[in-house]
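Written out below as structure tokens is the structure these notes cover.
The values are calculated or read from the model by the stated rules, or taken from the named source; none is laboratory data. In this text the structure is predicted, and so the values were computed from the model without any measurement. Here the Cβ positions follow ideal geometry from the backbone for every residue, glycine too, while neighbour counts run over all protein chains shown.
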């Protein structure tokens, strides 16, 4: 796990080298070996200093998230980082120089090791990334990152870096002062070795009397104002129940005004509290464990050969089709982009070029990469160009009749071996496939907008979809770098069905006279990124009326009570308020902002006594969980991890809540049943909990083990 050697000049080499995989991870065994190696270098009088490096492509990925997830108490969480934290401090104060030779990316605990070194040398590598992404898993750094990074690069830059959790490339790291030198990869070890020999008594700047921060002191006027304004900015984005963001600010505000050792003690205490919190467990379960399982394709049918397409087609060059074509070409696939005429197809490619130009301007790609992607996209109107495509994705208007005509033409042009996939969000995959000669080659691939940024794809299996098509679709999505969830066919599938329930509940409350501002603000307070009525304005009420009516006719789950929501949508349409695509909907859109339409009270007379925010939040969250339970009972989807992942990635359900089933677990199943019974008595039978939930609650079961 750790290779240790010394050279003739007294330089020790402590090299991370995980024997069980391609990535170095700070687990219990490797940390113990690292601590032993550091102490050996410190204790050996023949060793003048040490270079810490890696035998893998990257430096060090970070801590053992599984171990953090398993820790049930703050004390257990702290125990995971106590020894390595103490070791890093001994390293700093040893009187011997330690240099980090960063041959590749260092994230989380990996960067914390590098920060404790007296000098950091990085290889010239465009792939190299440095960062503390703990916030994305509901954690804070626990091995000194919150105290060393601000002391190294300044409080403002370090706070932003830790709050966002976004890593930086090597050029940005050098500009920030995060690394001290950047050298060609072949010179990395020599540059590190030379620094060790030239600095025999290295000390950390924060251990030198008179240390000053790079930007401002914590107790200066600027420092006090920085933290004063940071709190309201934080609360606009994150509720107190999401523990990590607030804890990070506490650690920074309290720790940076003290000496490094006091600051490290404060960090350790808060790390334990955060790591043991429900918000951290929820984020880790969904965004690490569930996402990892999805990316490993645990649902892929066994025994099916690997599918490695080289040429694919996309029919429909609108926003969705263009986005799908972009990610296909970005993945190295020759991509045929078809639309009704050459001009429409060319406009689709032009929009793709504009998206790539934005990425180029933000430094996310170079001009050569942009040009190569565009060269792989072949726009046009002739379906014959689909010949030789191994997979074709349809992304035309949501009309079964139009799609049916398109599928027949795709099958004729692409040939009998091509997979045909529909990007439909609601239409039955089984019904769409029925007219085709081989319905086994048909599948649903529901992408989310914007396609180039949204990771999730909902894979819908029709009744006749073959295991081979299922496997090939997953291989295709893996090539695109997407995160799939697999569901069975049914009205609205899974994601559209639950989002539909959420939107219906908001429209039902609007119909009842609940203040639209209260509805949307309650959703924001619950952690949703956009209010359901603002989202409905974007969708448009004519389309929503069609969707609500269609799901109501199916009569499943919470859709059995749809009339108030349908009337609300129809009333808005009749008043000329179709949504943002028209004159406006619930909101007017003057300039760049939005304001409630003054005519709403005439359409929906407000209740004299408005409900409490908590009551609105409960309705909006509980209805999503109930609709999910109905989908599970109908066999649409079954895996709680996949279900929660889909809710977080698909419609931005609050990640700190963990997902729609984690919400039920956190409320407690028996208590959730009781609350739903109360909601049913007050608001209607759609809130009646299904028998399966009652049985699970009676058995004391949960949806997730932790």
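Please pick out the residue among 148, 203, 174, 120 that is assigned to a loop (DSSP other than H, G, I, E, B) and touching a residue at least 12 places away in the same chain (Cβ under 8 Å).
Details: 148 fails: assigned to a loop (DSSP other than H, G, I, E, B); 174 fails: assigned to a loop (DSSP other than H, G, I, E, B); 120 fails: assigned to a loop (DSSP other than H, G, I, E, B).
Unique residue meeting the criteria: 203.
Can you pull out the residues in the stretch 371-401 that are assigned to a helix (DSSP H, G or I) and surrounded by fewer than 16 Cβ atoms within 10 Å (Cβ to Cβ)?
First, pick out the residues of the stretch 371-401 that are assigned to a helix (DSSP H, G or I): 371-375, 383-386, 400-401.
Within the stretch 371-401, 371, 372, 374, 375, 384, 400, 401 qualify.
A single entry from 14, 52 fulfils the requirement of being in a strand (DSSP E or B), over 32 Å from the mean Cα position of the chain (by Cα) and either closer than 22 Å to residue 121 by Cα or in the same structural domain as residue 125 (by TED's automatic domain parsing) (or both): 14.
Considering only the stretch 618-627, I want to know if a residue exists there that is part of a loop (DSSP other than H, G, I, E, B), touching a residue at least 60 places away in the same chain (Cβ under 8 Å) and either under 24 Å from residue 460 (Cβ atoms) or not assigned by TED's automatic domain parsing to the domain that holds residue 686 (or both). Give the steps one after another, and end with the answer.
Initially, the stretch 618-627 is screened for residues part of a loop (DSSP other than H, G, I, E, B), giving none.
No, the stretch 618-627 contains no residue that is part of a loop (DSSP other than H, G, I, E, B), touching a residue at least 60 places away in the same chain (Cβ under 8 Å) and either under 24 Å from residue 460 (Cβ atoms) or not assigned by TED's automatic domain parsing to the domain that holds residue 686 (or both).
Per-residue answers, yes or no, for (1) more than 17 Å from residue 26 (Cα to Cα); (2) surrounded by 24 or more Cβ atoms within 10 Å (Cβ to Cβ); (3) not assigned by TED's automatic domain parsing to the domain that holds residue 185:
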{"position": "90", "(1), (2), (3)": "yes, no, no"}
{"position": "93", "(1), (2), (3)": "yes, no, no"}
{"position": "102", "(1), (2), (3)": "no, yes, no"}
{"position": "117", "(1), (2), (3)": "no, yes, no"}
{"position": "121", "(1), (2), (3)": "yes, yes, no"}
{"position": "126", "(1), (2), (3)": "yes, no, no"}
{"position": "133", "(1), (2), (3)": "no, no, no"}
{"position": "136", "(1), (2), (3)": "yes, no, no"}
{"position": "147", "(1), (2), (3)": "yes, yes, no"}
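Within the stretch 605-626, the set of residues being within 27 Å of the chain's Cα centre (by Cα) and either farther than 30 Å from residue 638 by Cβ or surrounded by fewer than 15 Cβ atoms within 10 Å (Cβ to Cβ) (or both) comprises 614, 616.
If you filter the stretch 358-367 down to residues that are touching a helix residue (DSSP H, G or I) at 6+ places or on another chain (Cβ under 7 Å) and in a helix (DSSP H, G or I), you find that the one that is farthest from residue 451 (Cα to Cα) is 367. Taking (1) buried (at least 21 other Cβ atoms within 10 Å of the Cβ); (2) not in a loop (DSSP other than H, G, I, E, B) in turn, residue 689 satisfies each apart from (2).
If we scan the stretch 646-666, do we find a residue that is surrounded by fewer than 21 Cβ atoms within 10 Å (Cβ to Cβ) and in a loop (DSSP other than H, G, I, E, B)? Yes, some residue in the stretch 646-666 is surrounded by fewer than 21 Cβ atoms within 10 Å (Cβ to Cβ) and in a loop (DSSP other than H, G, I, E, B). If the condition is being over 23 Å from residue 262 (Cα atoms) and under 26 Å from the mean Cα position of the chain (by Cα), then the stretch 80-117 contributes 104, 105, 106, 107. Against the conditions (1) buried (at least 21 other Cβ atoms within 10 Å of the Cβ); (2) part of a loop (DSSP other than H, G, I, E, B); (3) touching a helix residue (DSSP H, G or I) at 6+ places or on another chain (Cβ under 6 Å), residue 112 satisfies every one except (2).
When you scan the stretch 17-49, how many residues do you find that are assigned to a strand (DSSP E or B) and either surrounded by fewer than 17 Cβ atoms within 10 Å (Cβ to Cβ) or under 28 Å from the mean Cα position of the chain (by Cα) (or both)? Don't jump to the end; show me each part of the working.
Of the stretch 17-49, the ones assigned to a strand (DSSP E or B) are 26, 49.
Within this subset, residues satisfying the condition of being either surrounded by fewer than 17 Cβ atoms within 10 Å (Cβ to Cβ) or under 28 Å from the mean Cα position of the chain (by Cα) (or both) are 26.
Residues in the stretch 17-49 being assigned to a strand (DSSP E or B) and either surrounded by fewer than 17 Cβ atoms within 10 Å (Cβ to Cβ) or under 28 Å from the mean Cα position of the chain (by Cα) (or both): 1 in total.
Based on what the data block shows, is residue 669 at pLDDT 95 or above, in the same structural domain as residue 551 (by TED's automatic domain parsing) and surrounded by fewer than 24 Cβ atoms within 10 Å (Cβ to Cβ)?
Numbers: at pLDDT 95 or above: yes; in the same structural domain as residue 551 (by TED's automatic domain parsing): yes; surrounded by fewer than 24 Cβ atoms within 10 Å (Cβ to Cβ): yes.
The answer is yes for residue 669.
Does residue 312 fit the bill of being in contact (Cβ under 8 Å) with a residue 24 or more places away in the chain and within 23 Å of residue 459 (Cβ to Cβ)? It is true that residue 312 is in contact (Cβ under 8 Å) with a residue 24 or more places away in the chain and within 23 Å of residue 459 (Cβ to Cβ). Listed by position, the helices (runs of 4 or more DSSP H) contained in the stretch 463-566 that have at least 2 residues being more than 28 Å from residue 292 (Cα to Cα) and in contact (Cβ under 8 Å) with a residue 40 or more places away in the chain are 495-512, 516-526, 532-539, 541-554.
Within the stretch 444-458, being assigned to a strand (DSSP E or B) and under 18 Å from the mean Cα position of the chain (by Cα) holds for 446, 447, 456, 457, 458. With respect to (1) within 23 Å of residue 510 (Cα to Cα); (2) touching a residue at least 12 places away in the same chain (Cβ under 8 Å), the lone exception for residue 601 is condition (2).
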